[in-house]
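Colleague: What follows is a structure written as structure tokens; I'll ask about it next.
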Amino acid sequence: MSTLKAVRGTRDLLPPETGLWNFVEETARRVFARYNFWEIRTPIFEETQLFTRGVGEETDIVSKEMYTWEDRARAQSEKSQSLTLRPENTAGVVRAYIEHKLGETGLLQKLYYIGPQFRRERPQKGRYRQFYQIGAEVIGPPSAGSESPLRDAEVLEMLATLLDELGIHGWKLVLNSVGSSSDRPRYVAALREALQDKALQMCVDCQRRAETNPLRVLDCKVPEDQPIIESLPKIADYLDEDSRAHFAAVCAALDACGVKYEVNPRLVRGLDYYTRTTFEFTHGGLGAQNALLGGGRYDGLSEVIGGPKAPGIGFAMGEDRLVLTLQAQAAQHGKLADAYVAPVGEAQNAAALDLARELRRAGLQVELGDGSFRVKKSFEIGNKLARKIVLLGEDEVKSGILTVKDFAKGEQVKVARAELVTVLRQG
Ligand code: HAM
């Protein structure tokens, strides 16, 4: 008899790796609680039409990747029905919001979830058929401020904070606007027209999408189709005044709190429910599957699945990919601390303890040196224990401007004390 194995695309998570999974989940719960998000748990399977209507018939997820079966009736009072293992959780959360009339509170609902999702994709590093998402959604009636660009910026700022607290270095935020439901028809019409003579030179999927849902042509991964996709009209040119103002307000709020981002006008994301803001956080260490997380606004989703007007914004992080990134970082840096705080001269010892205390309270892993060491010795020890060294001499204590050296890059920079935590968290 052949030995039984876990099904292709699924995995057992074993100790000690499960310790890392617990760390990621505990950190996420802690950060979400600070922003007043509460947990929601929805079923692992739902009626198939929740996803066909919510995520969209023509998306890869619905057309190719769902685990769907006909659930037979067990009694005369029951009907057989088509069920699907959830491929994502936004549609399920919005379904629960409608079913439990959460909008009637008149308040914003801030909900997070942690759990498995299922997609029949081709398995590879960072891509599994059962994978785990940590996600959050902000939904509510427009009177609760659910359409405000401040909600988008707050969610993005929370994500930047969470990735920093997880100790993920070198992430990048990529941002776009895909327009509102009134911008979309004009853009789709322009796409359809541009595709009229070009679609025949594209793959069969694109030929079909050009007819049924031209926006999905932009998701195509076939290399030969890319030059044509590059030549198609850009959504940014079809945004109306309101959509432009919304996007500008999101960007301005991010600028105001120092969250860095890059605008990519081609970021449309592979689900039909998105409106206005869309985003991904990517990480270079992940290879082809470089999206740590993705999300955006979905102002019309509730109505599409039969509910009241309830605009929303949210995201889902690939927990498998967060863990992979943390493992790769640990392998690269060994067990290195974030910083070695080196007082220069014993007179600076007390100030150095105070600085170390501030950094540790901000969640950084810090080694504290000793002012009796010569600077050369501090550098030698620091290089063994930490990724960066922070020098604290008399001048630094007086001016509040510190010297920080990154051992791997060999770079030395001057940093104001208020900026130190941010600088130490970077790559
Ligand atoms: P998504 O981009 O399909 O969005 O998935 C979000 C994240 O889940 C991806 O960035 C990736 O990290 C992870 N992920 C997706 N598929 C796989 C896979 N096969 N294996 C491993 N990880 C995977 C959504 O699911 C939306 N519901 C996000 C959202 C929430 N938008 C608004 N609210």
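Colleague: Which of the following residues is surrounded by 16 or more Cβ atoms within 10 Å (Cβ to Cβ), of a type in the set (A, V, I, L, M) and within 23 Å of SER148 (Cβ to Cβ): ALA248, ALA236, ALA256?
Modeller: ALA236
Colleague: Something else now. Consider ALA347 against the criteria (1) crowded, with 20+ Cβ neighbours inside 10 Å; (2) at pLDDT 95 or above: it satisfies all of them except one. Which criterion is unmet?
Modeller: (1)
Residues checked against (1) in contact (Cβ under 8 Å) with a residue 60 or more places away in the chain; (2) within 16 Å of the ligand (Cβ to nearest atom); (3) touching a helix residue (DSSP H, G or I) at 6+ places or on another chain (Cβ under 8 Å); (4) closer than 17 Å to LYS172 by Cβ:
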{"site": "LEU232", "(1), (2), (3), (4)": "no, no, yes, no"}
{"site": "LEU239", "(1), (2), (3), (4)": "yes, no, yes, no"}
{"site": "ASP242", "(1), (2), (3), (4)": "yes, no, no, no"}
{"site": "ALA249", "(1), (2), (3), (4)": "yes, no, yes, no"}
{"site": "GLY258", "(1), (2), (3), (4)": "yes, no, yes, yes"}
{"site": "THR275", "(1), (2), (3), (4)": "yes, yes, yes, no"}
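Colleague: Okay, next question. Tell me yes or no: at least one residue of region 311-326 is buried (at least 22 other Cβ atoms within 10 Å of the Cβ), part of a helix (DSSP H, G or I) and acidic (Asp, Glu).
Modeller: yes
Colleague: Taking the criterion of being open to solvent by 60 Å² or more (accessible area, probe 1.4 Å), over 17 Å from TYR298 (Cβ atoms) and at pLDDT 95 or above, would at least one residue in region 114-121 satisfy it? I'd like the intermediate steps shown before the answer.
Modeller: The initial filter retains those residues of region 114-121 that are open to solvent by 60 Å² or more (accessible area, probe 1.4 Å), namely 120.
If we keep only those that are over 17 Å from TYR298 (Cβ atoms) as well, we get 120.
Checking the rest, the ones that are also at pLDDT 95 or above come to 120.
Within region 114-121, one or more residues are open to solvent by 60 Å² or more (accessible area, probe 1.4 Å), over 17 Å from TYR298 (Cβ atoms) and at pLDDT 95 or above.
Colleague: Condition check: in contact with a helix residue (DSSP H, G or I) (Cβ under 9 Å, 6 or more places away or on another chain), on the phi > 0 side of the Ramachandran plot and either β-branched (Val, Ile, Thr) or away from the ligand (no atom under 12 Å from the Cβ) (or both). Does GLY167 satisfy that?
Modeller: So GLY167 fits the description; yes.
Colleague: Also: Anything in region 380-399 that is within 29 Å of ALA330 (Cβ to Cβ) and touching a residue at least 12 places away in the same chain (Cβ under 8 Å)? List them, or say none.
Modeller: Across region 380-399, the qualifying residues are ILE381, GLY382, ASN383, LEU385, ALA386, ARG387, LYS388, ILE389, VAL390, LEU391, LEU392.
Colleague: Would you check if GLU157 is away from the ligand (no atom under 12 Å from the Cβ), out of contact with any helix residue (DSSP H, G or I) (no Cβ under 9 Å at 6 or more places or on another chain), part of a helix (DSSP H, G or I) and modelled with pLDDT of 95 or more? Steps first, answer last, please.
Modeller: Working: away from the ligand (no atom under 12 Å from the Cβ): yes; out of contact with any helix residue (DSSP H, G or I) (no Cβ under 9 Å at 6 or more places or on another chain): no; part of a helix (DSSP H, G or I): yes; modelled with pLDDT of 95 or more: yes.
No, not satisfied.
Colleague: Just one of GLY115, GLY135 is near the ligand (Cβ under 9 Å from one of its atoms) and assigned to a strand (DSSP E or B); which is it? Walk me through how you get there before you give the answer.
Modeller: Working: GLY115 fails: near the ligand (Cβ under 9 Å from one of its atoms).
Only one candidate passes the filter, namely GLY135.
Colleague: Where the second residue is of a type in the set (Lys, Arg) and the first is surrounded by 19 or more Cβ atoms within 10 Å (Cβ to Cβ) and lies in region 68-97, which pairs have Cβ atoms under 8 Å and are six or more apart or on separate chains?
Modeller: Every condition considered, the pairs that remain are PRO87/ARG119; GLY92/ARG86.
Colleague: Does region 261-270 contain any residue that is at pLDDT below 95 and either near the ligand (Cβ under 10 Å from one of its atoms) or among the aromatic types (Phe, Trp, Tyr) (or both)?
Modeller: yes
Colleague: Here is a further query. Every residue in region 132-189 that is open to solvent by less than 20 Å² (accessible area, probe 1.4 Å) and without any contact (Cβ under 8 Å) to a residue 12 or more places away in the chain, please.
Modeller: Result: no residue meets the conditions.
Colleague: Which condition breaks for GLN329 when tested against (1) open to solvent by less than 30 Å² (accessible area, probe 1.4 Å); (2) in a helix (DSSP H, G or I); (3) of a type outside the set (A, V, I, L, M, F, W, C); (4) at pLDDT 95 or above?
Modeller: Failed condition: (4).
The values are calculated or read from the model by the stated rules, or taken from the named source; none is laboratory data. Note that the structure is a prediction, hence the values are computed from the model and not measured. Please note: Cβ atoms are built from the backbone with ideal geometry, for glycine as well, and neighbour counts cover all protein chains shown. Protein only, heavy atoms only, side chains kept; ligands, DNA and RNA dropped before computing areas. Shrake-Rupley method; radii C 1.70, N 1.55, O 1.52, S 1.80 Å.
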